[in-house]
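Take a look at the structure below.
The values are calculated or read from the model by the stated rules, or taken from the named source; none is laboratory data. The structure presented is a predicted model; accordingly, all values stated were derived computationally and were not measured. Positions of Cβ are backbone-derived with ideal geometry, glycine not excepted, and every protein chain shown enters the neighbour counts.
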């Protein structure tokens, strides 16, 4: 897998990170080295093997659809500076 | 004094809870100036809880001081998982295990320092770096470095609640010479844990000695309807250890002294080979951990909690600016790698492949547990390194230090790190691994081989 500066910048944009040119320059050889080591798993014999998305088998559980206690609006908004009329206030959408 | 004796003395009225709590708070403040083991010492909460317990002591942990890794939410106490992007975040709720501990009379004394979001094995990827109790120029290990550091240094009765994704409990407990248990995946509720990688994270316990772990585990274990991954089955009560084996590949490490010390402490063992784990556990672990981490970190954007900036520009500019400003370098690196491994075109080759390799690794362990109760390995392949040595490591070399601990973490297997003595001034830990839910066997055997001299 060829990894270059453009790919790192593209991934950073997808992940909502602005990397500086010096960060990109620092990351490039590091990521190349790491991904080369990760390549090792391609050799593992996984034909007909199911993936383990969890280490133990876990079953879905459901609960009754009843209203319980939850945090108040005030508590939920306590940790933000960006609020208005009891709502979060976000940046412009467009 | 071990935890059990303290709890008994409190019950008899021989010891004042308030006095103990004041003493440990004083101690924590003094030690913190030198060792950076806490991000926050929650003095007000501790005094309030101890007042209530002094008036009317109740619960199975009445009056026991407990420190909490920074990544676990404590109501109205800054909980930032060692990250600047969560600066000043005071959760409006308690994690399930915090509520359970408080309900049983425990006293929460503070939040311990750690690598940002648990991203590291030396607790150096953060703004508050804990220092090793045996040498100030040396790492405590990580990511639960602050927990291990304080557990070693305190002279008061105390337990620390920490968290492991790929070895973050075992590693620092080995480097700081304390006992620990990382339980079976799902045994302890993670509701209120600031998560790193959901299919790997486990909350566990550190104490000075192995025998002190069980009273804490008894409280925090159990099904929680707020955590859909928590297990409804209980751990096995059988604690008899009949057959043990050392893991051949884990003893092929360069440091002969570590190897010899650990082997001199055990007898009547077989040798078992786990070749797939040796070959694949590091890349498998890091692909899964980084993929999950990069999605978990998507929620930090300066809007609802934590660090922020003035609302300027559109969504993308604002969120990107906050994230770029407050995430530290290792977080950025893992976000890039994790996002890459999940991108269309690469997902099958990395993320999905790693999930399949994980099945192979689990099967390899499961086969071993058909024959053996416990598998043995050094916890860490090296003695705790100096900060100056850590600075010279590349990120990949850093990741490779986790070679011995990522296997059981990937498979969700319970493991302990047991104090095994010293080489020079530094402690060494033996890692014991058992089948899922066989914690009792681990703790029983751990007690037998523990050596704190």
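Remark: pairs (first residue in segment A:31-44, facing chain B (nearest Cβ under 7 Å) and closer than 24 Å to residue B:331 by Cβ; second residue at pLDDT below 95 and surrounded by 15 or more Cβ atoms within 10 Å (Cβ to Cβ); Cβ separation under 6 Å; 6+ apart in sequence or on different chains) = A:31/A:3. Just the residues that are touching a helix residue (DSSP H, G or I) at 6+ places or on another chain (Cβ under 9 Å) and over 16 Å from residue B:246 (Cβ atoms), please, taken from segment B:363-384. Correct list: B:363, B:382, B:383, B:384. Residues being more than 10 Å from chain A (Cβ to nearest Cβ), under 22 Å from residue B:167 (Cβ atoms) and touching a helix residue (DSSP H, G or I) at 6+ places or on another chain (Cβ under 7 Å) are entirely absent from segment B:351-362. Summed over segment B:420-443, residues that are touching a helix residue (DSSP H, G or I) at 6+ places or on another chain (Cβ under 9 Å) and closer than 21 Å to residue B:202 by Cβ total 13. Can you pull out every residue in segment B:59-79 that is touching a strand residue (DSSP E or B) at 6+ places or on another chain (Cβ under 7 Å) and under 15 Å from residue B:196 (Cα atoms)? Passing the criteria: B:69, B:70, B:71, B:72, B:79. Flag set for residue B:125, criterion: more than 12 Å from the chain's Cα centre (by Cα), closer than 23 Å to residue B:408 by Cβ, assigned to a loop (DSSP other than H, G, I, E, B) and modelled with pLDDT of 95 or more. Here residue B:330 passes the criteria (1) at pLDDT 95 or above; (2) within 9 Å of another protein chain (Cβ to nearest Cβ) except the one numbered (2).
Filtering segment B:288-301 to residues that are facing chain A (nearest Cβ under 9 Å) and buried (at least 23 other Cβ atoms within 10 Å of the Cβ) leaves B:294, B:297. If you check residue B:332 against the conditions, is it free of Cβ contacts under 8 Å to residues at least 24 places away in the same chain, over 30 Å from residue B:432 (Cα atoms) and more than 30 Å from the chain's Cα centre (by Cα)? Judged against the criteria, residue B:332 is not a match. Only one entry in B:236, B:214 is within 22 Å of residue B:451 (Cβ to Cβ) and out of contact with any strand residue (DSSP E or B) (no Cβ under 8 Å at 6 or more places or on another chain), namely B:214. On the stretch given as segment B:303-327, residues that are touching a helix residue (DSSP H, G or I) at 6+ places or on another chain (Cβ under 9 Å) and either part of a helix (DSSP H, G or I) or facing chain A (nearest Cβ under 8 Å) (or both) total 16.
Taking the criterion of being more than 18 Å from residue B:129 (Cα to Cα) and within 11 Å of another protein chain (Cβ to nearest Cβ), the residues of segment B:77-97 that qualify are B:88, B:89, B:90, B:91, B:92, B:93. Taken over segment A:56-79, residues that are within 24 Å of the chain's Cα centre (by Cα), facing another protein chain (nearest Cβ under 8 Å) and either farther than 30 Å from residue B:184 by Cβ or modelled with pLDDT of 95 or more (or both) amount to 2.
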